[in-house]
1. Residue under question is B:Ile504, and the condition is that it be out of contact with any Pro (no Cβ under 9 Å at 6 or more places or on another chain), at pLDDT 95 or above, more than 14 Å from chain A (Cβ to nearest Cβ) and assigned to a loop (DSSP other than H, G, I, E, B); does it hold?
2. B:Val142 - would you say it is open to solvent by 10 Å² or more (accessible area, probe 1.4 Å), more than 7 Å from chain A (Cβ to nearest Cβ) and β-branched (Val, Ile, Thr)?
3. What pairs come up if the first residue lies in region B:162-179 and is closer than 28 Å to B:Val33 by Cα, the second is of a type in the set (Asp, Glu) and assigned to a strand (DSSP E or B), and their beta carbons are under 6 Å apart, counting only those six or more places apart or on different chains?
4. When the residues of region A:197-218 are filtered to those that are more than 14 Å from chain B (Cβ to nearest Cβ) and either touching a Ser or Thr at 6+ places or on another chain (Cβ under 9 Å) or surrounded by 21 or more Cβ atoms within 10 Å (Cβ to Cβ) (or both), which remaining residue is nearest to A:Ile173 (Cα to Cα)?
5. Specify which of the listed residues (B:Lys187, B:Lys166) is open to solvent by 50 Å² or more (accessible area, probe 1.4 Å) and facing another protein chain (nearest Cβ under 10 Å).
6. Given (1) in the same structural domain as B:Ala42 (by TED's automatic domain parsing); (2) assigned to a loop (DSSP other than H, G, I, E, B); (3) at pLDDT below 95, where does B:Thr159 come up short, assuming only one miss?
7. For region B:525-554, name all the residues that are closer than 17 Å to A:Thr134 by Cα, surrounded by 22 or more Cβ atoms within 10 Å (Cβ to Cβ) and more than 10 Å from every other protein chain (Cβ to nearest Cβ).
8. Any idea which of (1) in contact with a helix residue (DSSP H, G or I) (Cβ under 9 Å, 6 or more places away or on another chain); (2) closer than 16 Å to B:Ile155 by Cα; (3) assigned to a loop (DSSP other than H, G, I, E, B); (4) of a type outside the set (S, T, N, Q) is the one A:Lys184 doesn't satisfy?
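The values are calculated or read from the model by the stated rules, or taken from the named source; none is laboratory data. None of the values given here were measured: they were computed from a predicted structure. Neighbour counts run over all protein chains shown; Cβ positions are idealised from the backbone, glycine included. When the accessible area is computed, the model is the full protein with side chains, heavy atoms only, and any ligands, DNA or RNA have been set aside. Shrake-Rupley method; radii C 1.70, N 1.55, O 1.52, S 1.80 Å.
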Protein chains: 2
Amino acid sequence: MVYLNNTPVDELLQGFLKVLGDYRFNSVETISVIDGLDRTLAENIFAKRSVPHYHSSAMDGYQVRAEDTKMANVDNPIFLSQEKIKYCDTGELIEPQFDSVIKIEDVHKRDNGIEIIGGATKWQNIRPIGEDITAHDLLFTVGRKLQPMDIAALIASGTYQIKVFKKPKVAIIPTGDEIIPWQKEPKEGEIPDSNSQLFANMIKQWGGEPTVYPVTPDNFDLLERVVKEAWEENDLILVNAGSSAGSEDYTSKVINHLGKVYYHGVAIKPGKPAIFGKIGEKPVIGIPGYPVSAYVVMEEIIKKLYFYLKGEKLPKRKKIEGKLTKPVNSDLKFQEYVRVKVGKIKEQYVVTPLARGAALMSTVMDGDGFLIIPQNSEGYRAGEVVQVELFEDKDFDDIFVCIGSHDLALDILATYLAPQFSLSSAHVGSLGGIMAVKKGETHFAGIHLLDPQTGEYNISYVKKYLKDTGAILVHLAKRTQGLMVAKGNPLNINSIRDLKGKRIANRQKGAGTRVLLDYLMEKEKIKPGEIEGYNREYFTHLAVAQEVKSNRADAAMGIYAAAKAMDLDFVPLYEESYDLLVTPDFFNSPNFKFVLETLRTKRFRREVEELGGYNLNKSGEIIFVEEEKN
Amino acid sequence: MVYLNNTPVDELLQGFLKVLGDYRFNSVETISVIDGLDRTLAENIFAKRSVPHYHSSAMDGYQVRAEDTKMANVDNPIFLSQEKIKYCDTGELIEPQFDSVIKIEDVHKRDNGIEIIGGATKWQNIRPIGEDITAHDLLFTVGRKLQPMDIAALIASGTYQIKVFKKPKVAIIPTGDEIIPWQKEPKEGEIPDSNSQLFANMIKQWGGEPTVYPVTPDNFDLLERVVKEAWEENDLILVNAGSSAGSEDYTSKVINHLGKVYYHGVAIKPGKPAIFGKIGEKPVIGIPGYPVSAYVVMEEIIKKLYFYLKGEKLPKRKKIEGKLTKPVNSDLKFQEYVRVKVGKIKEQYVVTPLARGAALMSTVMDGDGFLIIPQNSEGYRAGEVVQVELFEDKDFDDIFVCIGSHDLALDILATYLAPQFSLSSAHVGSLGGIMAVKKGETHFAGIHLLDPQTGEYNISYVKKYLKDTGAILVHLAKRTQGLMVAKGNPLNINSIRDLKGKRIANRQKGAGTRVLLDYLMEKEKIKPGEIEGYNREYFTHLAVAQEVKSNRADAAMGIYAAAKAMDLDFVPLYEESYDLLVTPDFFNSPNFKFVLETLRTKRFRREVEELGGYNLNKSGEIIFVEEEKN
């Protein structure tokens, strides 16, 4: 019931490649050159003919013999009769009797001939045979990945068929009694097979040819049969999952029966329960089941293996260095792959770690890259400069960072910024947003913080926290907060007082909604202990709504749009002000002007108001300016 | 007969986009989510269900009620009977009566139950509904280009069909009486249609759907018919060429007949004779015929137009700054696109301009990027730091630069360096190579320079030119030089003396072969004036061989391999030493060790010797070391 080993990733890769010996993805096929885009040549190619393959005119003009023209000048124009010239378009063949071309612009047409006022030199305006490519030139060597101009040059120089490496065939075998085909609606306890499509699309991006096999239940014989079949038809076999050494995990048993497992367990997190085996000469890999574990194993191990076996250079992830906004602790036993969001604020990259769970695909979907913490490292402190390996190369100059409270209006704003700009948002609550502005870790933040003393929104917080840094408060929306309750309001919850003795789902400390709840409870003199679930915290409106929806809570404080989305009833309690807190630097940039103009358009205002519970009459108004000190 | 205008490229783009008004490539289609890789969403997508969609076990273990476990500790193990527990694999549904999971590793199996030695907390090892994605979460906004994990997340959260923007359909219409279908063997005066495949593959790389129409002759009615047909079926229409305002250029006439030409002539070089018109609401563009002109217009104008009309961000070319090795002069009237090779020597980029001709596809094929010289600039001096826009992002750390004399053995060497390293070579002759080593513009150079005084190869030149810089001379091959003559040697040329009164094709000054010819002529007291064509210079062995082959020269000095390739007779005259001249820095790097080891392998030696005229017995021997001063 324990992993066979916990091999460091580099040791595993080196060892496993040794196990695979001379095995390579090197089957060759012959294809038409016009299907060659991004394919890899399996042969050296020499030009079959020269380009151009005949002496050709470089201009529209007249072919002449230079000899006949040499006395011509402005004072002594020369007439050349029809027999001594030949008109030609660009690209036309130079007839053997001629050795020069005079541009049409330099010629005066006369009856039966032309007049010229300058001599022509031999070979002028002629492209000689082989000017571009000479027959027998070595054009490309094995391994060239063909680009558009390469294909044009191959055609021009007479190559019509090319030998290329076949796309490696990769089998993807989903297994598990709980796994159902991706397009089926899952019941409770059933999981749709989304991993196979993750793998298939990664393989496509690597230039391979994936085949997804039908889902195989947890049964040794059935799995063995599918693995055998896949082995016949493919160059690399991936089995997902059955790799975690649980009681029903047949992957390693099947590999050991047909071949041999060499490694089971790799010292990375997520991704540790991977299996590396060989059947015949071919690698057969067990990929863990959690999507992020699977992704890390694919990106960090299978990709390296794949490109090595393909004999191609590994496409490297681009690296950037940035300042970490939160501490990240790491298990000494593993090399950890923390997904992070990256922003660029005043020429500095800012790196925010996302949640760590191996099951959270949203951390890859929303993340920008990996912060890789080596084995035997305890992690990094907030403020440390760390290296991030990006999932894809991006231009962070065009990405606006928005860390703070989340609101759907921000998502709608993002659609107005596209395609030129995009919005990178992280949800840390209003107070977290203020801190991010103060520390220069965001361009702006959405905030909605009630001052219990004044009943006023946001301004007093800005004055308190940002008196040195400075910041500008720009109004986004009035938003109705209230209680989300089950459809039909069966418990008849109509006010804060009615929460006593009931179960709620609460928002995290520092969230504007939490501050509002505390304010309203305070006014009614209700103590946290009087409400069950007060200490269980969630990070979004929809998350608390979900708790009500699934009857794990009787009520939750939140906005109307969330209640509507989850088909819950809504008890309106308070109209709050949701504003954008903007750093002085970003406020003065042309980029923010674009945001401001959008906030003021009718189209944007209407689109947000249609969500329900919003009033955007004054969106884009500047509410308060805290000047930057020194 | 003149261009209608010479509009600066930015002015043209802005003006033409204004002409196109609201026209966009915004047709939408619904596809299966599993076909969504790299497609662009045309809708905002909200999660249809939560992930997970039920409370699920995060571990293999036992479901329990936390309540039942709270008294357990090491001194007081608790036994839980079969009714109070339920075994579950990772991912299984948590039954309503349970609220906690104990990992299998922390459990002792007993008859009819389990024993535990620690209490469980509520919700431990349980993934609650919506932990990853909550139903109604906004997952993606319009414009998202879907990546593998996005597709997995869409499947997991219940989206099976997605609305995406259709791939823009682009018509490519090749025209011209001289143009023949790409797969036909051309006669003299005929040009195979390679441009259409260049365009089609560029469009594919941009995510579009190209259609190449049959080649249309220079005929107004025929062209009009094809343009009409293409207009019906496509979003963007490209006509190639007939754009240069020559007598048979019908493109602008047809556009003006069916719609209107707005711009004819753009102030770029190459690429100036482009035509920008509109028929109905759709853009119809005339692309120039020369391949590099066409490429520049596609990269610099059509690509910007395409992404703008698609509503997507333009993929920017990566920029680097490097030192120019040669001066580049530019026409004030045009923005010029000079193709360059880039190398990285001691952390500095080195930029070498390639030939300028608009017909030379090899300059794009072999080039790394554009040096763009603005309109009204006279160009750059050698040594100036210039900006280069790369055709594709490359890791120049893994590219060895070899500027000097060319030899096929270097091409073969390149195949041994792949896939880890590649070789970027430029052919400037032996003396050019020595200068490149001296100026630090190359890692190494191939040279074969005879010292007329001593009859010895290379060493005296190194002593003379590199006494301060230092350099190491490494032997590559003994190579037989001689005279290439027509098959059967009809003029009976058997020695240098026999060249008197004959026509030759000569190599450029500074080429080792030229030095050898001069040496042999000197020995025989033959004057340059006694040989026709002595002053006509070519840059490669194959280029001079081509002159002999096409009977424009009677003989040329060169190597056996070139004569063999062109099926010429060969009169051996001299065995020379072709060596590698290596900078001290590169010589001491691990990278060069790899080169050196390759040179010493039997396999490499045999492969080169099979070309004929080579002896590699001593390849990899260090011949001479000139120490670096200070």
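1. On the way: out of contact with any Pro (no Cβ under 9 Å at 6 or more places or on another chain): yes; at pLDDT 95 or above: yes; more than 14 Å from chain A (Cβ to nearest Cβ): yes; assigned to a loop (DSSP other than H, G, I, E, B): no.
For B:Ile504, the condition - out of contact with any Pro (no Cβ under 9 Å at 6 or more places or on another chain), at pLDDT 95 or above, more than 14 Å from chain A (Cβ to nearest Cβ) and assigned to a loop (DSSP other than H, G, I, E, B) - is not met.
2. When the stated conditions are applied, B:Val142 does not pass them.
3. B:Lys166/B:Glu29; B:Lys167/B:Glu209; B:Lys169/B:Glu209
4. Looking only at region A:197-218, we keep the residues that are more than 14 Å from chain B (Cβ to nearest Cβ), and these are A:213-214, A:216.
From what's left, either touching a Ser or Thr at 6+ places or on another chain (Cβ under 9 Å) or surrounded by 21 or more Cβ atoms within 10 Å (Cβ to Cβ) (or both): A:213, A:216.
Numbers: A:Tyr213: 5, A:Thr216: 7 Å.
Step by step, filter region A:197-218, then rank; the result is A:Tyr213.
5. On inspection, the qualifying residue turns out to be B:Lys187.
6. Single failed check for B:Thr159: (3).
7. B:Val548, B:Ala553
8. The failed condition is (1).
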